[in-house]
Structures are given as C-alpha cells and as structure tokens.
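Below is one structure; the comments refer to it alone.
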Amino acid sequence: MSVLVFVESKDGKFSKAAFEAVSYGNKIGTTTVITFGDASDDVLAGLGNYGASKVLVNKSVDGKNEQQLTRLIHAAAEATGAETVVMIQDQLGKAIAPRVAARMNAGHISGAVALPDTSNGFVVKTYVYSGKAFANVKVNTPKRVISLVSNALAPVATGGSASVEVFNADLGDAKIKVKEMKSQGAGVPLPEAELVVSAGRGLKGPENWGIVEDLAKALGATTACSRPVADIGWRPHHEHVGQTGVAIRPNLYIAAGISGAIQHLAGVNSSKTIVVINTDSEAPFFKAANYGVVGDAFDVLPRLTEAINKFKAAQ
Amino acid sequence: MKLLVCISKAPDTTSKIAFTDGNTKFDENGVQYIVNPYDEWYALVRALELVEANGGSVTTITVGTAADEPTIRKALAIGANDAVRIDAPATDPYFVAKQIAEYAKDKGFDVILTGKETIDFNGAQVSGMIAEILDLPFVSLAQKMEVAGNTATIERDVPGGSEIIEVATPFVLSAAKGMAEQRIPNMRGIMAARTKPLTVVPAVSVENATTVVSYELPPAKSECKYFTADQMDELVAALHNEAKAI
Ligand SMILES: Cc1cc2nc3c(=O)[nH]c(=O)nc-3n(C[C@H](O)[C@H](O)[C@H](O)COP(=O)(O)OP(=O)(O)OC[C@H]3O[C@@H](n4cnc5c(N)ncnc54)[C@H](O)[C@@H]3O)c2cc1C
Ligand SMILES: Nc1ncnc2c1ncn2[C@@H]1O[C@H](COP(=O)(O)O)[C@@H](O)[C@H]1O
C-alpha cells in the first residue's frame, strides 16, 4: 500500500510529531513525504530514518494558504498513487486535512490514536467527546486521510535514508495574506509541549506565579492555567486549557490549585501522567490523577522544584 | 452583508458519556442537548454583531432531524433572522458538509461561519470540507473578525504567537474563543423565535464516507497514589521510574 505523509518543518527542523507521523505511515505501507519550506536536503533526507523512502519538497508555497497546500498534497497523492494520506492533528492539519479529504473524495479520520485495523475493512480508533471516549471509525471510501494526534505512537528509527526531490504542481492563487505576525517569545507552544505545569485559582493571585514558573523551568515544561485564571487576567489566554481552551496531551501534566471541573478535564485528561496538588482531599481532580499531593501549593511547589533540581543534577 | 451560520447540537458539557446497543450508540438517556458552544457563543453572536453594524441578514443552517428544532429555535431567539434545516440525521462530517455546501452554493453568502469544532465529535472537519467543496478560502480558529467592504481582517493565535490576516469575501471561517461574548436570549427574542421562518429542505443523496462501528470508554485510571509534601523525592522517583514521564 502506498502512503503519503504531510509534515511541516519549522526553523529548518522537523518536530517529534513529524517523526511520529512518518513512522505511522511506514507501519501502513511504502511512505513518501510531502513537505514545503526551506529545510536543508540533509534534514529532508533524515526523514528516511523514520521510514520515508522519498521526500517531495515544494519551495514556493507558504504555510498560510491552506487552499494551495491542499492542492499540493492532492497532486503529490496523485503522483505517487497514494491511497492513504497521513497528517498531524495540529492547527495546520486541522485546517487542511478535511479539505484534502473532500478533494480526494476520501473519508477522513480525525484524531487517530492507533494504527488502522484492517482485519475487517479499514478501521481507526479516534478520540471523541473531548477525550472522554474513543470511537472506532470505519472508512467506506477507497482513499482515506488520517489525522494523527501527537504522542499516540512513538517514532521508530529505522536507520534508513530517503531520496529528496523538488515537487511542483499547479497550486492556484494565494488568497490569504498575512499582514502581521506577533511572536509569543521563546518556549515550546502549549499544544506541542510534552511537559506542562498548570495552576488555577488556588494560587490566589498573579503575583504568586513565580513558584509555578520555577517548577516549569526546572522541568523544561510549558505553563498552562485554568479558565477563570485567564478570564480574570492573571495569565494570558493562550495558556488556558480545557474544553473551551487548548486541548493538550503531554507526557506529564502537573496541576496545582485547580479543582478539576469536567470542562477543565476535557482538555487535559488525555495526558499520559497527571499529578494533582490541592489542599482539598475531596477535589474532583484526584479522581483523574495518577499521583496526588494533598497540600498547600505554596509549600509543595517549591519542594517539588527542589526535588526536580536535585534529580536533574544527579542525572 | 449576507451571512450563513452553521449550527449543530451537542450534549451539555456536564453530560455523562455512556454507550448502549453493544457500545454502538451514544446513550442519550438523561442527556440534555445544547447549541454547540462555539457555534452559539462565537460564530452566531459575531455574525449578529456584524449585521447590526453593517446591515444584512443572518441565516442559520443545521443538518439534523426534527429533534434538533429546539436548538435551532434557541439560535433564532438569540437573533438570527431565519433558519434552514436540512432534513437528515448528521452521521458523517462529509455528508454534513456536502449538504451545507449544496444549499449555500448559489445563494451569495459573504461569509459562512462555523464553530471551531463540535464538542462531541471534536472532528473540526465540517468547516474545511465545506470550503473545499465550494472552492473557497478557509480561515480556521478565528478570534477576531472585522469586515470592511469585501475585505475581512482576522486575528488568530498560531503556534508560537498570533497573526493578523486578510482575506476577501466569500470565505469560510471557524470561530474560536474571543470572537464575541455569549448572549442570553431575552423573552422578546424567545417569543419572536416562535414565528421566525424555519425552512425544512430535503437532503441530497450522498454516501457516508465514514461510519462509527463501535465506541469505547478509556480504561479506568489506576488508583491515585498519594505523597505528602515531605515525599517530593519519592514523587520525582515515581515520575522517573514508574511513569517514565521525566
Ligand atoms: C461551558 C463551560 C466551559 C468551560 N471551559 C473551561 C475550560 O476550558 N477550562 C477550564 O479550566 N475551565 C472551564 N470552565 C470552568 C470550570 O467549570 C471551572 O469553573 C474552572 O475550571 C475552575 O477553575 P479552578 O480550578 O482554577 O478554580 P476553583 O474551582 O476555584 O478551584 C480552586 C482549587 O484550588 C484549591 N486550592 C485553594 N487554595 C489552594 C492552595 N493554597 N494550594 C493548593 N490548592 C488550593 C481548592 O481546593 C480548589 O480545588 C468552563 C465552564 C463552562 C460552564
Ligand atoms: N449537523 C450539523 N449541522 C450544521 N452545522 C454543523 C453540523 N455539524 C457540524 N457543523 C458545523 O461545523 C463545525 C465543526 O464541526 P465538526 O467538524 O463536527 O467539529 C461546527 O462547529 C458547526 O458549526
């Protein structure tokens, strides 16, 4: 079976999520990658280490014009005869995967968490109901598009190398114009973070966030918060996780002074490991936690930071 | 300005998620349906604000059965001028997108607004599919939108920051938090909604591209392990050795 994987490089590099997607493709069949941008040929060929046999790169398109990217991916699928297209379920993937599916008359699996089961048709397990359940979705069309969530399957290094070819196609006009970009500064953006330290109203005020940031720094984690904290302006809105904020699935989520309301859990309960710190032993969050500390965040967070620093120093 | 807002229903955010019929159907027992929050709070309200400022009309469209009419009336009570219901159960995103695109294709809407995603299926699929079928630009996850003449200026967060983009009408937009403030319908709105036009349109024939064969609940979390504030080294060791999280 022929598979096309679409991934995006940033600052000349590919993320772990990109390696996961290429590995995922390689488990299904012979994998070609389609990408764009200015990553070096060495970096592009490096995708072979995760199972790509060929990497097609377009140097003219920008990442904003989902109509053009859709045409690019569709043209690459036609050129390689791919029946299955794999993408990452991130902001860009969410914008273009449904378009590509509609253009290819293909069923779309949104939020895949496992490899396809082909014992009876083509069935893929996905997240539904904000991570509160899974659905096994069968694709009825001959072609299919799969959007893979990050951290679902680990990347597998194969030691291979891929050939690199420039790929051009008729992409139509660019219709979206970027007028201004504002950078949030350094740090891993929340949706891609593997380690997240989060705090809620239990922290009492924005002036107390130093202990949260210290722990995040010790771990190399990204900070997040509950919704009320963003609503009252203690923290920026891009940190708000939950049903109406960012949904995350990091390896580790540490929550201090957050009660664990169902709408908060909806955005974080796909985290691999959850640590909850709360003064109230009855806080609902403990039911969703792997590890709990019943205690005052003002006491526990600095101690945890110290223990992490000690652990890191001993490594 | 002529705006179309896609309205879907979703189980209330506190609903218990369970399945029946050998895990093949969502258990609707005791479930309260609401208008999908992104569709109502952000897409619909922003559409109303734009029309209040610039003139025009807001039509809502829903692919669903008669059981969806209470949620459609709620959208009318908030202020939409009229509503369309495509008469078919919404079983597959491609099916839904085809129905909406088929209805919208020759009506001259300036913007087709959707929510960011439905909170039950979280597919974020329908919006992009409508755009592709109609060959229109699609701006996802918009947090602010202004329209002047036929140019829209849109702000949104992107990984690592935010951006301001420009796009000409017509286009498809999915609305995220920030676009508008929730509006609570008043008594007059609720009364008026009863007599506003709700047109039922038959569905066009489209094969479902996907089918849900079964549902599963996540495996029960293992019991929470507790540590005291004095046992932070032990917690860190557990995170390293047992959870392999650090
Ligand atoms: C439709 C809808 C959507 C929503 N979407 C979201 C969403 O996306 N994300 C979200 O987060 N919320 C969301 N909410 C709000 C949600 O219901 C909760 O109100 C919110 O998550 C509570 O935030 P919190 O835990 O920070 O505050 P609180 O509920 O006030 O909890 C504070 C917690 O801190 C503990 N505490 C107090 N002092 C200390 C201390 N010194 N040390 C340690 N612990 C302490 C308390 O015991 C308590 O458990 C939504 C609500 C609705 C209705
Ligand atoms: N049955 C439906 N009828 C009308 N609009 C819908 C329907 N389902 C989804 N939508 C719209 O498409 C958006 C994205 O939905 P989804 O692809 O299910 O995440 C929603 O926020 C709605 O605006």
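The values are calculated or read from the model by the stated rules, or taken from the named source; none is laboratory data. Predicted, not measured: the structure shown is a model, and the values here were computed from it. Note that each Cβ is placed from the backbone with ideal geometry, even for glycine, and that neighbours are counted across all protein chains shown. Just the protein is used for accessible areas: all its heavy atoms, side chains included, with ligands, DNA and RNA removed. Shrake-Rupley method; radii C 1.70, N 1.55, O 1.52, S 1.80 Å.
The residue that is farthest from ligand 1 (Cβ to nearest atom), among those in segment A:67-94 that are open to solvent by 10 Å² or more (accessible area, probe 1.4 Å), touching a Ser or Thr at 6+ places or on another chain (Cβ under 8 Å) and in a helix (DSSP H, G or I), is A:80. Would you check if there is a residue in segment A:277-294 being surrounded by fewer than 23 Cβ atoms within 10 Å (Cβ to Cβ), of a type in the set (A, V, I, L, M) and facing chain B (nearest Cβ under 7 Å)? Yes, that holds for at least one residue. Among A:121, A:160, which is over 20 Å from residue B:19 (Cα atoms), without any contact (Cβ under 8 Å) to a residue 24 or more places away in the chain, in contact with a strand residue (DSSP E or B) (Cβ under 8 Å, 6 or more places away or on another chain) and part of a loop (DSSP other than H, G, I, E, B)? Only one candidate passes the filter, namely A:121. Put simply, of A:135, A:102 the only residue that is crowded, with 22+ Cβ neighbours inside 10 Å, within 8 Å of chain B (Cβ to nearest Cβ), free of Cβ contacts under 8 Å to residues at least 12 places away in the same chain and in a strand (DSSP E or B) is A:135. If I filter segment A:53-65 down to residues being closer than 18 Å to residue A:10 by Cβ and open to solvent by less than 10 Å² (accessible area, probe 1.4 Å), which single residue comes out as nearest to the other protein chains (Cβ to nearest Cβ)? Looking at the filtered set, the residue picked out is A:65.
Each row is one residue, and each column tells you yes or no for (1) assigned to a loop (DSSP other than H, G, I, E, B); (2) within 11 Å of another protein chain (Cβ to nearest Cβ).
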position	(1), (2)
A:178	no, yes
A:182	no, yes
A:188	yes, yes
A:197	no, no
A:207	no, no
A:214	no, no
A:218	no, yes
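Scanning segment A:254-276 for residues that are more than 8 Å from chain B (Cβ to nearest Cβ) and not polar (S, T, N, Q) yields A:254, A:255, A:256, A:257, A:258, A:260, A:261, A:264, A:265, A:267, A:268, A:274.
Selection of segment A:266-315 for residues being near ligand 1 (Cβ under 9 Å from one of its atoms), within 19 Å of residue A:227 (Cα to Cα) and assigned to a loop (DSSP other than H, G, I, E, B) yields only A:283.
If you take just the helices (runs of 4 or more DSSP H) that sit entirely in segment B:56-139, which of them hold at least 3 residues that are away from chain A (no Cβ under 14 Å)? Let's see the steps before the verdict.
On the way: elements: B:69-78, B:93-104, B:126-134.
Passing ranges, in order: B:69-78.
Looking only at residues in segment B:120-137 that are away from ligand 1 (no atom under 16 Å from the Cβ), of a type outside the set (A, V, I, L, M, F, W, C) and closer than 23 Å to residue B:25 by Cβ, which one is surrounded by the fewest Cβ atoms within 10 Å (Cβ to Cβ)? Checked segment B:120-137; the qualifying residue surrounded by the fewest Cβ atoms within 10 Å (Cβ to Cβ) is B:123.
Condition check ((1) under 20 Å from residue A:283 (Cβ atoms); (2) at the interface with chain A (Cβ under 7 Å from one of its Cβ atoms)) across all residues:
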residue: B:205; (1), (2): no, no
residue: B:210; (1), (2): no, yes
residue: B:231; (1), (2): yes, no
residue: B:241; (1), (2): no, no
residue: B:244; (1), (2): no, no
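Of all the listed residues (B:91, B:71), the sole one being β-branched (Val, Ile, Thr) and either out of contact with any helix residue (DSSP H, G or I) (no Cβ under 9 Å at 6 or more places or on another chain) or surrounded by fewer than 20 Cβ atoms within 10 Å (Cβ to Cβ) (or both) is B:91. Would you mind stating whether residue A:224 is part of a strand (DSSP E or B), more than 16 Å from ligand 2 (Cβ to nearest atom), in contact with a helix residue (DSSP H, G or I) (Cβ under 8 Å, 6 or more places away or on another chain) and in contact (Cβ under 8 Å) with a residue 24 or more places away in the chain? Yes, satisfied.
Here's a check for you: in segment B:37-64, which residue that is open to solvent by less than 50 Å² (accessible area, probe 1.4 Å) and more than 19 Å from residue B:189 (Cβ to Cβ) is nearest to ligand 1 (Cβ to nearest atom)? Ranking the qualifying residues of segment B:37-64, first place goes to B:38.
How about segment B:18-35: which of its residues are within 10 Å of another protein chain (Cβ to nearest Cβ) and within 16 Å of ligand 2 (Cβ to nearest atom)? Result: B:26, single match.
Whenever a residue of segment A:262-278 is in the same structural domain as residue A:299 (by TED's automatic domain parsing), its partners that are assigned to a helix (DSSP H, G or I) and within 16 Å of ligand 2 (Cβ to nearest atom), lying with C-beta atoms within less than 7 angstrom and at least six residues away or across chains, give the pairs A:266/A:130; A:266/A:131; A:269/A:131; A:270/A:131. Scanning segment A:253-265 for residues that are open to solvent by 10 Å² or more (accessible area, probe 1.4 Å) and more than 6 Å from ligand 1 (Cβ to nearest atom), we see that the one that is modelled with the highest pLDDT is A:265. Which pairs do you get when a residue that is without any contact (Cβ under 8 Å) to a residue 60 or more places away in the chain and not assigned by TED's automatic domain parsing to the domain that holds residue A:201, found in segment A:235-251, comes within reach of a residue that is crowded, with 20+ Cβ neighbours inside 10 Å and assigned to a loop (DSSP other than H, G, I, E, B), reach meaning Cβ atoms under 8 angstrom, with the pair 6+ apart or on two chains? Taking only residues 6 or more apart or on different chains, not a single pair turns up.
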